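Have a look at the structure below before the remarks.
The values are calculated or read from the model by the stated rules, or taken from the named source; none is laboratory data. Remember, predicted model here, so these are calculated numbers, not experimental data. Cβ coordinates were reconstructed from backbone atoms using ideal geometry, including for glycine residues, and neighbour counts include every protein chain displayed. Accessible surface is based on the protein model in full, side chains and every heavy atom, while ligands, DNA and RNA are left aside. Shrake-Rupley method; radii C 1.70, N 1.55, O 1.52, S 1.80 Å.
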Amino acid sequence: MLSRITQRQLEYFVASGEAGSIIGASERIHVSSPSISAAITHIESELGVQLFVRHHAQGVSLTAIGHQVLKEAKLILEQMSNLYTIASESMNNVRGPLRVGCLDTLAPMLTPELVFGFGRAFPGVRISLVEGNHELLLKQLRSADIDIALTYDLVPASDVTFQSLAQLPPYVMVGEHHPFATQSAVSMQDLAAAPMVLLDMPWSREYFLGLFSEAGVTPNVVMRSSSMETVRAMVANGVGFGIANVRPKAHLSQDGKRLIRVRLAGVNKAMQLGYATMAQVQQSRVVSAFAERCRMFISDQYIPGMAAPSYFDPQVVRVA
């Protein structure tokens, strides 16, 4: 099997061809003459051609085939240099591709201002967006199909780094004619006996059911859906109450029915909203810049697209 020609050997050959002597090349690139001679001999042996005519005490001159090989060698070295340039630019300039994953329950609120606002701020960035559940986003991160994921800290993983930016405490949502709609707050014990509509997404459902377990009660789940909008619609239509963490500014379900947000009493585990990246991957400049934007735009006081954390429905329906 033929051995490979290395980049360094090509550099030694090009230096000799341009200098017209091995000694001149040695002085130019600060490499010993025997090392340069050995590199040239290796290339000639590899290609099966003579690249130089050696002149005693007068240096070397390229053969006809040597001139052609020198031209191609320069092109190869230039292309290899371009690879380093591309890599350097990707680490230092805010330009190039950015593949963002976002939890589908968060996407309608976060992505317009946070993700596509970033694209408007940096026109050289080409953004692609993947929406899905937490399980899918972790899979996409690990397969390098996305660079960063906007999600919750649902599943600790040693190979994934999670940066928490804001807390999203759970609250109760009900239709406007639900008995809880007149309450300033309800407890987990109050909820246990009432019909519940569960957001049935991987890891999210474990979180919601875990709230009941922590309180020592069992929920009465009468309906499930993997879609937050479907859960909101069923709640608004009186099927049952729901528990959520995201705070949409809209007060209506998609079929136009009113939703009421009610405070959940007690100390309950909040969702940690933030971004996830692969722990062992050095992030490009564009990913680092987007992560910085996330840190600037998301906090406990403000989350793009969401109602204020202190907000609960100011027009609670009073049942006569």
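For the condition under 20 Å from P309 (Cα atoms) and either at pLDDT below 95 or surrounded by fewer than 21 Cβ atoms within 10 Å (Cβ to Cβ) (or both), H177 does not qualify. Take the conditions (1) on the phi < 0 side of the Ramachandran plot; (2) within 28 Å of the chain's Cα centre (by Cα); (3) among the hydrophobic types (A, V, I, L, M, F, W, C); W203 misses just one of them, which is (1).
Let's see how each residue does on (1) of a type in the set (A, V, I, L, M, F, W, C); (2) at pLDDT below 95; (3) outside any helix (DSSP H, G or I); (4) closer than 27 Å to D190 by Cβ:
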{"residue": "V239", "(1), (2), (3), (4)": "yes, no, yes, yes"}
{"residue": "Y275", "(1), (2), (3), (4)": "no, no, yes, no"}
{"residue": "E292", "(1), (2), (3), (4)": "no, yes, no, no"}
{"residue": "M296", "(1), (2), (3), (4)": "yes, yes, no, no"}
{"residue": "D300", "(1), (2), (3), (4)": "no, yes, yes, yes"}
{"residue": "A320", "(1), (2), (3), (4)": "yes, yes, yes, yes"}
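Residues that are open to solvent by less than 60 Å² (accessible area, probe 1.4 Å) and in a strand (DSSP E or B) within segment 163-174 comprise S164, L165, A166, L168, Y171, V172, M173, V174, listed in sequence order.
Scanning segment 220-264 for residues that are of a type in the set (G, A, S), more than 16 Å from Q183 (Cα to Cα) and surrounded by 19 or more Cβ atoms within 10 Å (Cβ to Cβ) yields a count of 4.
May I ask you to say which residue of V125, V160 is open to solvent by less than 30 Å² (accessible area, probe 1.4 Å), modelled with pLDDT under 95, farther than 17 Å from M271 by Cα and in contact with a Pro (Cβ under 9 Å, 6 or more places away or on another chain)? So the residue among V125, V160 that is open to solvent by less than 30 Å² (accessible area, probe 1.4 Å), modelled with pLDDT under 95, farther than 17 Å from M271 by Cα and in contact with a Pro (Cβ under 9 Å, 6 or more places away or on another chain) is V125.
Specify the residue that is modelled with the lowest pLDDT; the eligible residues are those in segment 1-22 that are surrounded by 14 or more Cβ atoms within 10 Å (Cβ to Cβ) and among the hydrophobic types (A, V, I, L, M, F, W, C).
Pass one, segment 1-22, residues surrounded by 14 or more Cβ atoms within 10 Å (Cβ to Cβ): 5, 9-17, 19-22.
Among the residues that remain, those that are also among the hydrophobic types (A, V, I, L, M, F, W, C) are: 5, 10, 13-15, 19, 22.
On the way: I5: 87, L10: 92, F13: 93, V14: 94, A15: 92, A19: 91, I22: 91.
For segment 1-22, the residue satisfying everything is I5.
Across segment 302-314, the number of residues qualifying as at pLDDT below 80 and of a type outside the set (G, A, S) comes to 5. Search segment 23-36 for residues being within 19 Å of Q7 (Cβ to Cβ) and open to solvent by less than 40 Å² (accessible area, probe 1.4 Å), and hand back the single one that is nearest to the chain's Cα centre (by Cα). Here the residue is V31.
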